[in-house]
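Below is one structure, written out as structure tokens; comments come after it.
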Amino acid sequence: MTIREIEAKSILRKYKKIDSWFISRYGMNLYRGCTHNCIYCDGRAEGYYVDGEFGEDVTIKVNAVEILRRELDPKRKRAPFKRSFIMIGGGVGDSYQPIEEKYQLSRRALELVDEYNFPVHVLTKSTLIKKDIDILKKLTKKVERL
Ligand code: SF4
């Protein structure tokens, strides 16, 4: 397994229209590549440009949380993001794959999303998400009040 740390230029991706599966307007991949290594994963397709051996190697956006803060902070944006669901995770890397235990990017992203009051959806097949149940409960309560 090869871990590659990179500095990302941006984190949030804005969809052209609200995603019909996850009713999200924005999405983010904190990791590229996924050691869950599902045989059917889209991330294997060349069009997704995942570096290295898919299923073995993972690229970590080590500055993801700093960039995300810049993107979510309405004071730093001429046109702030609209309040809408943000999807954490996607087709090129599970946000709760084992490397999350070391980097904690998903947890720190959830904390920021909570701070800026955005609702969130998380796509994962990992029970590692249970480590963040406290923050997820907090976020769920906020969404229930919307
Ligand atoms: S991104 Fe999802 S589908 Fe792809 S290998 Fe990881 S867990 Fe499996």
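Descriptive notes on the structure:
- Boolean, Arg25 is at pLDDT below 95, in contact with a strand residue (DSSP E or B) (Cβ under 8 Å, 6 or more places away or on another chain), under 16 Å from Val113 (Cα atoms) and more than 16 Å from the ligand (Cβ to nearest atom): yes
- Condition met for Val92 (within 24 Å of Thr140 (Cα to Cα) and at pLDDT 90 or above): no
- Tally, over region 17-37, of residues that are assigned to a loop (DSSP other than H, G, I, E, B) and touching an Asp or Glu at 6+ places or on another chain (Cβ under 9 Å): 6
- Pick from region 38-47, criterion modelled with pLDDT of 85 or more and part of a helix (DSSP H, G or I), ranking: nearest to the ligand (Cβ to nearest atom): Gly43
- Residue tally, condition open to solvent by 10 Å² or more (accessible area, probe 1.4 Å) and out of contact with any Phe, Trp or Tyr (no Cβ under 9 Å at 6 or more places or on another chain), over region 83-117: 11
- Residue identified as modelled with pLDDT of 95 or more and within 25 Å of Ser20 (Cβ to Cβ) among Leu146, Leu112, Leu128, Leu68: Leu68
- Residues that are out of contact with any Lys or Arg (no Cβ under 8 Å at 6 or more places or on another chain) and without any contact (Cβ under 8 Å) to a residue 40 or more places away in the chain within region 63-73 comprise just one, Glu66.
- Matching residues in region 20-62 - criterion: being touching a residue at least 12 places away in the same chain (Cβ under 8 Å), surrounded by fewer than 16 Cβ atoms within 10 Å (Cβ to Cβ) and within 30 Å of Pro80 (Cβ to Cβ): Ile23, Val62
The values are calculated or read from the model by the stated rules, or taken from the named source; none is laboratory data. None of these values were measured; they are calculated from a predicted model. Because the Cβ atoms are built from the backbone with ideal geometry, glycine has one as well, and the counts that use them run over all protein chains shown. These accessible areas exclude ligands, DNA and RNA; they are computed on the full protein's heavy atoms, side chains included. Shrake-Rupley method; radii C 1.70, N 1.55, O 1.52, S 1.80 Å.
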